Amino acid sequence: MTTYPDLKLYIGGAWRKTAEELPVLNPADESVIGAVPVASQADLDDALAAAAEGFRLWSRTAPRERGAIMLRAAALMRERAEEIAHAITLEHGKPFRQACLEVVRGCEFFEWDAAEGQRTYGRVVPSEPGIRYIVMRQPVGIVAAFSPWNFPMSQPARKIAGALAAGCAIIIKAAEETPAGALHIARALHDAGLPPGVFNLVFGVPARISDYLIPKPQTRLVAFTGSTAVGKHLSELAARHMTPVLMELGGHAPVIVCDDVDPVAAAQASATRKVRNAGQVCTSPTRFFVQEAIFERFARSFVEKARATVVGNGLDPATEMGPVANHRRIEALEALTADARARGGRVLTGGERIGNRGYFFPPTVLTELPDDARALREEPFGPMAIINPVRSVEEAIEKANALPFGLAAYGFTHSAARADLLAEGIEAGNVSINTLEASVAEVPFGGVKDSGYGREGGAEGLDHYMTIKTLSHRMA
Ligand code: NAD
């Protein structure tokens with residue numbers, strides 16, 4: 001297996017190192033595995049100039065040709081999937097198998113958008129005789145994108161694929177803690193023959209980069225995935241310059257388990273899903289509202305499955321859950337557990353860091369939490385589930401909607417009437433019934449309320465990367 005890649009910026013089709021670097025740690029043992037370059041203002045100016053050139057060329061390139069380059073890049077990443085996944089496991093900690101699936105998902109985003117880019121149709125609108133009204137969709141321009149550390153390859157892939165398919169140029173600041181996924185996308189795009197400047201990859205001090213790029217008149221869209229707090233800050237900054245934003249922010253996904261389902265099957269599926277990516281997923285099932293009749297059996301089965309999870313180094317084939325990605329997650333999960341205990345909640349399993357080297361935290365299940373417990377209000381973003389009983393589906397929906405978040409939500413029921421109640425009543429961008437899948441390339445994904453706005457994926461996924469021009473043409 002190859003070693004961790006040599007990290008560089010990619011600007012104007014060329015690789016570059018910088019004077020300042022930050023260490024990249026392996027969360028499984030806290031060893032230093034690489035050094036990520038920190039972009040200076042001069043590097044960002046070069047990226048803006050390169051993107052302007054790139055946009056001029058790319059926006060006039062036929063969508064089929066754009067799609068062909070994207071598909072070539074995706075094919076290269078599929079060929080290199082094991083090498084990419086290995087780097088992701090080293091920098092992020094997730095099990096190698098999950099890293100492989102992430103790479104495939106990232107490729108699917110490229111493949112879907114490559115085709116979708118060929119369907120950015122406009123319309124001809126009938127009106128007064130002699131005048132033809134044409135609604136045209138055009139690429140918005142240069143995109144400044146910011147992707148987080150939880151999916152080092154598929155998170156940047158989603159934004160890059162959308163931008164390139166729409167005909168935009170992009171400068172992406174990928175996560176400094178997990179830079180290899182984005183670096184491998186840059187390699188694949190370079191090798192696939194993407195013209196210089198269309199895609200630029202930078203790393204650095206996040207606030208320095210966003211404060212510099214967002215106010216620039218060349219930046220025509222800000223695309224961010226990360227926490228609600230940072231998303232609001234970047235949205236405010238963009239609003240001052242009338243720059244539109246695409247915001248995929250935090251969630252705190254409710255799961256409503258109705259008493260007409262098999263509690264053991266629902267619990268096993270939920271606990272398995274909970275530990276995926278060590279729970280560091282914005283759609284991770286977290287707040288379980290289980291009808292009283294099946295509550296005990298559901299909770300017992302969930303705890304059994306959670307306790308049986310093999311936690312370890314992601315490179316060990318037996319591992320089902322790796323470490324959390326950084327020390328901040330350990331601190332956050334410990335604080336939520338302490339608050340739960342202080343408020344009279346019970347810790348059914350987990351709650352304390354495993355060992356003191358590597359950021360290992362066990363699957364943790366809390367119950368009997370009052371509504372104002374921090375774990376029920378703040379996204380744990382880790383392997384933590386809260387299971388509380390409810391009397392009715394209506395009560396569960398009310399609790400599900402009580403938070404300012406609205407990203408993913410789940411329900412288990414075999415009753416068509418209850419499924420309708422959930423589908424209609426839950427305030428979320430994505431509601432999944434009898435499945436814990438919420439986001440695939442073919443369907444739009446995004447949030448309501450504090451979970452952000454705009455959609456990525458599906459037929460709607462390119463909307464934010466495009467602007468509308470209406471042409472009124474009086475014919476001779
Ligand atoms: P954080 O709020 O400091 O950072 C979140 C992300 O935003 C990181 O990728 C970070 O690099 C970036 N960021 C921070 N300040 C920025 C700035 N001024 N300009 C540009 N980018 C900036 O917290 P964190 O500890 O890295 O992550 C914790 C929280 O973030 C989690 O609790 C979760 O809610 C959220 N998060 C969400 C997702 C998601 O997929 N929606 C992914 C990662 C993190």
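The values are calculated or read from the model by the stated rules, or taken from the named source; none is laboratory data. Note that the structure is a prediction, hence the values are computed from the model and not measured. With ideal geometry, Cβ positions are generated from the backbone for all residues, glycine too; neighbour counts draw on all protein chains shown.
Some notes on this structure:
- A single entry from Leu234, Leu189 fulfils the requirement of being within 16 Å of the ligand (Cβ to nearest atom) and either buried (at least 22 other Cβ atoms within 10 Å of the Cβ) or in a strand (DSSP E or B) (or both): Leu234.
- Verdict on Leu246 being within 16 Å of the ligand (Cβ to nearest atom), assigned to a helix (DSSP H, G or I) and in contact with a Gly (Cβ under 9 Å, 6 or more places away or on another chain): no
- In the stretch 159-176, the residues that are within 15 Å of Gly106 (Cβ to Cβ) and near the ligand (Cβ under 10 Å from one of its atoms): Ala174, Ala175
- Some residue of the stretch 128-136 being modelled with pLDDT under 95 and among the acidic types (Asp, Glu): yes
- Test: residue in the stretch 48-70 that is closer than 19 Å to Asn313 by Cα, touching a residue at least 12 places away in the same chain (Cβ under 8 Å) and over 25 Å from the mean Cα position of the chain (by Cα): no
- For Ile134, the criteria (1) part of a strand (DSSP E or B); (2) within 16 Å of the ligand (Cβ to nearest atom) hold in every case but one, which is (2).
- Every pair of residues 6+ apart whose Cβ atoms lie under 6 Å, when the first sits in the stretch 246-266 and is in contact (Cβ under 8 Å) with a residue 40 or more places away in the chain and at negative phi while the second is within 16 Å of the ligand (Cβ to nearest atom) and of a type in the set (Lys, Arg): Pro254/Arg287
- Residue within the stretch 408-425 that is within 22 Å of the chain's Cα centre (by Cα), in contact (Cβ under 8 Å) with a residue 12 or more places away in the chain, closer than 30 Å to Thr243 by Cβ and crowded, with 16+ Cβ neighbours inside 10 Å present: yes
- Within the stretch 336-378, the residues that satisfy the criterion of being over 16 Å from Val275 (Cβ atoms) and in contact (Cβ under 8 Å) with a residue 60 or more places away in the chain are Arg357, Gly358, Thr367, Leu376, Arg377, Glu378.
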